[in-house]
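Nothing in this text is a laboratory measurement; each read-out follows from the coordinates by a stated rule. Predicted, not measured: the structure shown is a model, and the values here were computed from it. Because the Cβ atoms are built from the backbone with ideal geometry, glycine has one as well, and the counts that use them run over all protein chains shown.
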Amino acid sequence: MSCPNCSTSLTPVDFHHLEILHCKNCGCTFFEDYAINRIDVSFANKLAFDKLSDYISGSEKLCPRDQSPLSQMSTESIPQDVQLLQCGKCKGIFAYPDDLMRFKLAQNAKINYFKAWNIPPALRSLLVLSLIATVSMAVFGKSVLFNNKPTKADDIVKSINTSVSGRLLFVSFRTQVPYSSRIIFLDKTSNSKNEKVISAAQTKLHYLVVSDIDISHDIFYQIIVTDKSGKEVKTSELKLRR
């Protein structure tokens, strides 16, 4: 079988008896149905760096098994800046080396957070596979202001946790009753605003992983929660602690 990207012969790689096919030329990897979720970050890193070139073809990608077209996956488990391609027939997943690393790092950040909160393993596994999809909107202007006074949302939003791992920023918090939620990041260095959905559904546990926020900048954020009736409340402006 040949690589969907560069047509080089794929090499079988063993990881706990999972079916993995790797291209040693361009570093791309093809996984059996969802085997990508079972490998660890160190093994993903090994695959990503096992390559001779950074070649990326602009041609249509076909499944190495059955030659069916590979289509981009769009699910809640995949960060918005990661491109994974899937075969509609065999359900195998194709990943470029950089996308594989971003995907596994995002999963790892989630797992570490859930361990810290002592969330049961069964629930932790479910949550890792349901990474909240984010919708970004960048707005540029000369002046963006937040209300710094304490708000009702400051009493609703509890246990806010932010952590950074490489390019990944993780934000989580709890509410006593279910709310939907979103967050506004204010980059005071570039004077830009970036709004993301945290949870579109009503929930008590809110969590988000993003990789498009420049954490080296002076970043502030504001959380917005919405109840079942559609009423919104906002927290005061909070500084991102690195």
Spin-label point model (7 Å from Cα, Cβ direction): what's the Asn191 to Ser42 distance in nm?
-> 4.8 nm
Using r as the Cβ-Cβ distance of Asp81 and Asp14, and R0 as 25 Å, what FRET efficiency do you calculate, to the nearest 0.05?
-> 0.25
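Step through the table entries Lys196/Lys228; Lys188/Lys231; Lys104/Lys188; Lys193/Lys228, compare each Cα-Cα distance with 21 Å, and write down the pairs that go over it. Write out the running numbers ahead of the final one.
Values: Lys196/Lys228 19 Å; Lys188/Lys231 28 Å; Lys104/Lys188 30 Å; Lys193/Lys228 26 Å.
From the list (Lys196/Lys228; Lys188/Lys231; Lys104/Lys188; Lys193/Lys228), the Cα-Cα distance tops 21 Å for Lys188/Lys231; Lys104/Lys188; Lys193/Lys228.
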How far apart, in nm, are the 7 Å Cα→Cβ label points at Leu62 and Lys158?
-> 5.8 nm
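Are there any trypsin sites (Lys or Arg not before Pro) in the range 204-237 that are in a DSSP loop and have at most 13 other Cβ atoms within 10 Å? List them by number. All intermediate terms of the calculation are to be shown ahead of the outcome.
Values: sites: Lys204, Lys228, Lys231, Lys234; in loops: Lys228, Lys231.
Qualifying residues, ordered by number: Lys228, Lys231.
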What GluC sites (Glu not before Pro) does the range 13-75 have in DSSP loop regions with at most 15 other beta carbons within 10 Å?
-> Glu60
At what distance in angstrom do the alpha carbon centres of the range 168-242 and the range 13-70 lie from each other?
-> 34 Å
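Provide the gained length on full extension for the span Met1 to Lys231, in nm with one decimal, where the gain is 0.36 nm per separating residue minus the Cα-Cα distance.
Value of the extension gain: 77.3 nm.
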